[in-house]
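Colleague: Below you will find the structure I want to go over with you.
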Amino acid sequence: MTDFDRKLGQKIREVRIAKGITQRELAGDKITRNMLSLIESGNASPSISTLSYLAKRLQTPTGYFFVTTDEEEGLFNKLLMIEELKALFNDGDYAGCEALINSLPPSACDDEVNYILAVSELNLSTECAAEFNMRKAAERLAKAEVLSSNSIYCGEQFSLAVEFYSELYRELCSTEISRVLCSTKASGDYVPHEMIEYFCVLKLLYQGEESQINLPRGSYYEKHVTALELYMDGRVTEALKRLNNLAEDSSLPYFMQFRVLTDLENAANVTGDVRIAYIASKRKLELIEKYKVN
């Protein structure tokens, strides 16, 4: 057994197992399973034609089995998984992307892989925030920011998105709307345009000004803004009803909940509905505690 035969056999075995292929399936009708077992253990040296046959059945470049440096192995490791990684990414399986990339050696993580991981961490961060786990959300967002510096594909828009979500997390339990949340430059692939438009309209309404921005009909954004407009027009009872329905909707986006409850409490106080005002105030405190605990 030579050192080359041992390493070659080990690589064939690793790729086979990673792809979930049995020795019998890989051997096919060209070699016996026993011969494949000897090759994988390093006790037999395959011919070039046999190695090409095995590489083809493993859907792996033959050259992978001859790499000698970490950089070369990293490149081939990326080639082995890039299609699977792209499929997971396109399906929105960001946790799957993270797990697959973390299983790779550092040498396989180039600009493209780091970009996919950065975007995955950004999306996983917002998922954590939606579950009121702000500690984990902040950790993932910080990781996304670091990864973005290791990829030329992220660019300025990604940095603006990181800044946007960082500010959003800080203001989840506040009615204040900062300049960052209204920055249209951040909208795009990472921050929905309608989300920024919502904050722009909200800021204007809270300042007593009107807005010409039309939000998607039937969206949570539009429902909240419409209720506020009714409130400002003096139709407080109607606004109260709409805000109450919105606050009772369990699928209301996490970043809207505190603001909707605040507006509901204000409308209830104006109409003298002490019960609804109390419930809204109590739920606001519960939200604050949820974010503090996590």
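Colleague: At a Cα cut-off below 23 Å, give the lysines reachable from LYS185, other chains included and same-chain residues fewer than 8 away excluded.
Modeller: Partners within reach: LYS143, LYS203.
Colleague: If exposed trypsin sites (Lys or Arg not before Pro) are those in a DSSP loop with at most 16 other Cβ within 10 Å, what is the longest stretch of the chain that has none?
Modeller: Here the longest run is 31-178.
Colleague: Whole angstrom only: what separates the Cα centroid of region 26-41 from the Cα centroid of region 239-294?
Modeller: First find each Cα centre; the distance between them is then 67 Å.
Colleague: Only loop residues by DSSP count here, and only those with at most 13 other Cβ atoms within 10 Å; note down the GluC sites (Glu not before Pro) in region 88-196 that meet that.
Modeller: Those that pass, being in a loop and sparsely packed, are GLU131, GLU176.
Colleague: Once the Cβ-Cβ distance between ASN102 and TYR206 is put in as r, and R0 is 35 Å, what FRET efficiency do you end up with, to the nearest 0.05? Display every interim value, and only then the final one.
Modeller: Values: r = 43 Å, r/R0 = 1.23.
Once rounded, the FRET efficiency stands at 0.25.
Colleague: Helix 134-148 against the longest principal axis of the chain: what's the angle in degrees, Cα atoms only, rounded to the nearest 10?
Modeller: Rounded to the nearest ten degrees, it is 50.
Colleague: At 7 Å along the Cα-to-beta-carbon direction for both TYR153 and SER52, put a label point, then send me their distance in nm to one decimal.
Modeller: Here the modelled spin labels are 3.3 nm apart.
Colleague: A further question follows. Ignoring everything except DSSP H segments at least 4 long, calculate the 222 nm mean residue ellipticity for the chain; use -39,500 (n - 2.57) per segment, divide by total residues, nearest 500.
Modeller: -21500 deg cm²/dmol
Colleague: Would you mind calculating the gained length between GLU176 and GLU194 on full extension (0.36 nm times residue separation, minus the Cα-Cα distance), in nm to one decimal?
Modeller: Result: 4.6 nm gained on full extension.
Colleague: How far, in degrees from 0 to 90, does helix 193-206 lean away from the longest principal axis of the Cα atoms of the chain, to the nearest 10?
Modeller: 20
Colleague: Now for a different question. Any chance you could give the angle, 0 to 90 degrees and rounded to 10, that helix 254-271 forms with the longest Cα principal axis of the chain?
Modeller: Relative to the chain, helix 254-271 is tipped by roughly 10 degrees.
Colleague: Quickly work out the ASN269-to-GLU112 label distance, labels modelled 7 Å from Cα along the C-beta direction, and quote it in nm with one decimal.
Modeller: Those two pseudo-labels are separated by 5.7 nm.
Colleague: Okay, next question. Straight distance only, please: which aspartates and glutamates reach the Cα of LYS7 with their own Cα at less than 13 Å, same-chain residues fewer than 8 apart left out?
Modeller: GLU40, GLU73
Colleague: Note the full-extension length gain between LEU285 and LYS7 as 0.36 nm times their separation in residues minus their Cα-Cα distance, in nm to one decimal.
Modeller: 94.0 nm
Each value in this text was obtained by applying a stated rule to the coordinates, not by laboratory testing. Bear in mind the structure is a predicted one, so any value in this text is a computation, not a measurement. Every residue, glycine among them, receives a Cβ derived from its backbone with ideal geometry; neighbour counts consider all protein chains shown.
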